[in-house]
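Reviewing the structure listed below.
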Amino acid sequence: MDRIVLRDMAFYGHHGALPEERERGQVFFVDLEVSCDLREAGTTDALSATIDYRDLYERVQAVVTGPPLCLLEAVAERIAAQVMAIGAVCAVHVEVRKPHADVGGALAYAAVRIERTRQPQIGESLV
């Protein structure tokens, strides 16, 4: 399956289990990998035959900069749902990284990585 990849998107959000995290906010990094069929875009060179990177970026941005959530899992799930709402998407991998997670010690980042796949309807093929 073909993929569109957006790496190290950075957004300021107010997510966290602790009230002070939700109040002060911090930077979150997101990696997105979208599985879809890119053959038509590759042969026609037409933007209309692919998924616009700007649309993907805006969907991620809306979630991360949107209403505060307690868990990275919830942030990742909402991003996945927004991307899976695009009909041409077969699957999505989302990683949300929180570089300033309060764990009581040194840490490069805490992260959650999820994968969601569209379930084919009876008689339908996603090939």
Per the filter on the range 4-45, residues open to solvent by 60 Å² or more (accessible area, probe 1.4 Å), more than 21 Å from residue 97 (Cα to Cα) and under 20 Å from the mean Cα position of the chain (by Cα) are 37
Expected output for the range 66-85 (first residue closer than 17 Å to residue 29 by Cβ, partner open to solvent by 70 Å² or more (accessible area, probe 1.4 Å), Cβ below 6 Å, 6+ apart or cross-chain) is 80/116
Listed by first then second residue, the pairs whose first member lies in the range 10-23 and is over 20 Å from residue 60 (Cβ atoms), whose partner is surrounded by 12 or more Cβ atoms within 10 Å (Cβ to Cβ), with beta carbons under 7 Å and at least 6 positions apart or on separate chains, are 17/70; 17/71; 18/102
Among the residues of the range 86-103, the number that are closer than 15 Å to residue 16 by Cα and either assigned to a loop (DSSP other than H, G, I, E, B) or hydrophobic (A, V, I, L, M, F, W, C) (or both) is 6
Turns out the helices (runs of 4 or more DSSP H) fully within the range 10-85 with at least 1 residues that are in contact with a Gly (Cβ under 6 Å, 6 or more places away or on another chain) and of a type outside the set (D, E, K, R) are 53-64
Only one of 74, 80 is open to solvent by less than 70 Å² (accessible area, probe 1.4 Å), under 23 Å from residue 117 (Cβ atoms) and in contact with a strand residue (DSSP E or B) (Cβ under 6 Å, 6 or more places away or on another chain), namely 80
When the range 53-102 is checked residue by residue, the ones that are under 22 Å from residue 14 (Cβ atoms) and β-branched (Val, Ile, Thr) are 60, 63, 64, 65, 75, 79, 83, 94, 96
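The values are calculated or read from the model by the stated rules, or taken from the named source; none is laboratory data. From a predicted model like this one, the values you see are computed outputs, not experimental measurements. Note: ideal-geometry Cβ built from the backbone for every residue, glycine included; neighbour counts use all protein chains shown. Just the protein is used for accessible areas: all its heavy atoms, side chains included, with ligands, DNA and RNA removed. Shrake-Rupley method; radii C 1.70, N 1.55, O 1.52, S 1.80 Å.
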